[in-house]
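Here's the structure we're looking at; comments come further down.
The values are calculated or read from the model by the stated rules, or taken from the named source; none is laboratory data. Note that the coordinates shown come from a computational prediction; the quantities given were computed from them, not determined experimentally. Cβ placement follows ideal geometry from the backbone for every residue including glycine, while neighbour counts extend to all protein chains displayed.
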Amino acid sequence: MADFLTDKPSKLERAFLVGVQNDGMAEGEGAELLLELKELVENLRIKVERSTLVNLRRPTPSLLLGSGKAQELVDLAKADGVDVIVFDEALSPAQQRNWEELSGLAVIDRQEVILEIFADRAHTREAMLQVALARMEYSLPRLTRAWTHLSRQRGKGAMGGEGETQLENDRRTVRDRITHLKVELASVVKQRDIQRRKRQRVPIPTCAIVGYTNAGKSTLLNSLTGAQVLAANKLFATLDPTTRQLVLRGNQKLLVTDTVGFIRRLPHGLVEAFKATLEEVIVADFLVHVVDVTNPNFEQHHATTLGVLAELGASDQTIVTVFNKVDAANPAMIARARGLVPDALFVSAISREGLDALEGRCLELIAEAHSATELLVPHTRYDVIARLHAVGHVQSEEQEDEGVRLFGRFPPTQAAFFAPFVVNAK
């Protein structure tokens, strides 16, 4: 991020976290979110000195909290010697500016923390562009924070003072950068669409793995496909979608894509910025929703993922719910999970327990989408037989005098190709 976007210290090392519990939240939800914020902040290698939860009846426009409570928190932060106050609640640009003036410290909110983590974890060109765009759009209304020390120099003439002129220059620079990023991102997305269309010429069924961050999605992809995707025990370990091929029984192929993890209060700007990456979710034949059954808040994680899917326009997708980490779960948590999603599968991506059942469910979904067909292919057309094996699920194959008789399920998009050889279709 350009230096003029912020006047915060170059390195933040010690944090004071402020969570909020209001009347619209479930009992204990504020405390749970505050623990999650602590993990997010620690992912930025910032030490958390203190966390406090504030009961908020009515937010104030200037500081979110009342002035008395605000001063109390500032005194605590200074006593602890922290250099940043982090709010779990979204702060408006004005509130953020007022807190920084009151405290003399850097003040950020959950959204800025997540933006920084995403910036740290993005590796592909597309992910880096998307993060840069989200950060610029977040920073634009907050540029005045960098120029409050020049406010007294603003003149009354047509050009204004030094601070005003510099602020307008910086706003123009950021707007130009946003425009440039959108153009560049559109080009990258177009290239990825071309690559997807090339894959779809040989239309192998696809599924996308979705779920709350740190639920074990990448580990599951590795266990199913033998991939070597980074699978670390931390939030947002990877932001870049990875697609690998899984070969199921009967040589049925399935393309499996791992996606970025979801989280409660995911900044709307990031949802918008990452829609291009998450398009894999929308175009997939079905979704595998992974839930960490050992997490005491898995019900909220399940609901959060479904909410983000709805925002992406993917709520009508066929979803296979998979409760992961059963090797570390107690019977009570398993019972809770069965009550939440009765038809869910229970697996361990580490020990591979339950993966056969998951692969079987995938085969069933592919079979439902592809019609059962019997074909008789002449011995002279082994190119047809090879293609049927590549794009469909051949369940049986017999050599006869007239040719090779095959029974299987094949994608409707290939119907015109194999129509001359169809004996019976159901």
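Scanning segment 112-122 for residues that are crowded, with 18+ Cβ neighbours inside 10 Å and of a type in the set (A, V, I, L, M, F, W, C) turns up V113, I114, L115, I117, F118, A122. Filtering segment 202-231 to residues that are touching a helix residue (DSSP H, G or I) at 6+ places or on another chain (Cβ under 6 Å) and modelled with pLDDT under 80 leaves V202, P203, A227, V229, A231. No other residue among E89, E39 is surrounded by fewer than 20 Cβ atoms within 10 Å (Cβ to Cβ) and under 26 Å from E27 (Cα atoms) apart from E39. Scanning segment 348-382 for residues that are touching a helix residue (DSSP H, G or I) at 6+ places or on another chain (Cβ under 6 Å), outside the structural domain of A415 (by TED's automatic domain parsing) and among the aliphatic types (A, V, I, L, M) returns a single hit, A349.
Only one entry in L388, L375, L406 is assigned to a helix (DSSP H, G or I), out of contact with any Gly (no Cβ under 6 Å at 6 or more places or on another chain) and surrounded by 13 or more Cβ atoms within 10 Å (Cβ to Cβ), namely L388. Has segment 346-367 got at least one residue that is in contact with a Cys (Cβ under 9 Å, 6 or more places away or on another chain) and not β-branched (V, I, T)? Among the residues of segment 346-367, at least one is in contact with a Cys (Cβ under 9 Å, 6 or more places away or on another chain) and not β-branched (V, I, T), which makes the answer yes.
The residues listed here are I366, I350; of these, the one that is part of a helix (DSSP H, G or I) and among the β-branched types (V, I, T) is I366. Taking D401 as the residue in question, decide whether it is surrounded by fewer than 18 Cβ atoms within 10 Å (Cβ to Cβ), within 30 Å of H301 (Cβ to Cβ) and without any contact (Cβ under 8 Å) to a residue 12 or more places away in the chain. No. Residues in segment 55-63 include none that are within 20 Å of I263 (Cβ to Cβ) and either assigned by TED's automatic domain parsing to the domain that holds N214 or surrounded by fewer than 18 Cβ atoms within 10 Å (Cβ to Cβ) (or both). In segment 281-295 there is at least one residue that is in contact with a strand residue (DSSP E or B) (Cβ under 6 Å, 6 or more places away or on another chain), under 30 Å from L35 (Cβ atoms), surrounded by 14 or more Cβ atoms within 10 Å (Cβ to Cβ) and at pLDDT below 90. If I filter segment 97-111 down to residues being buried (at least 23 other Cβ atoms within 10 Å of the Cβ) and part of a helix (DSSP H, G or I), which single residue comes out as farthest from the chain's Cα centre (by Cα)? Looking at residues that are buried (at least 23 other Cβ atoms within 10 Å of the Cβ) and part of a helix (DSSP H, G or I), I get W99.
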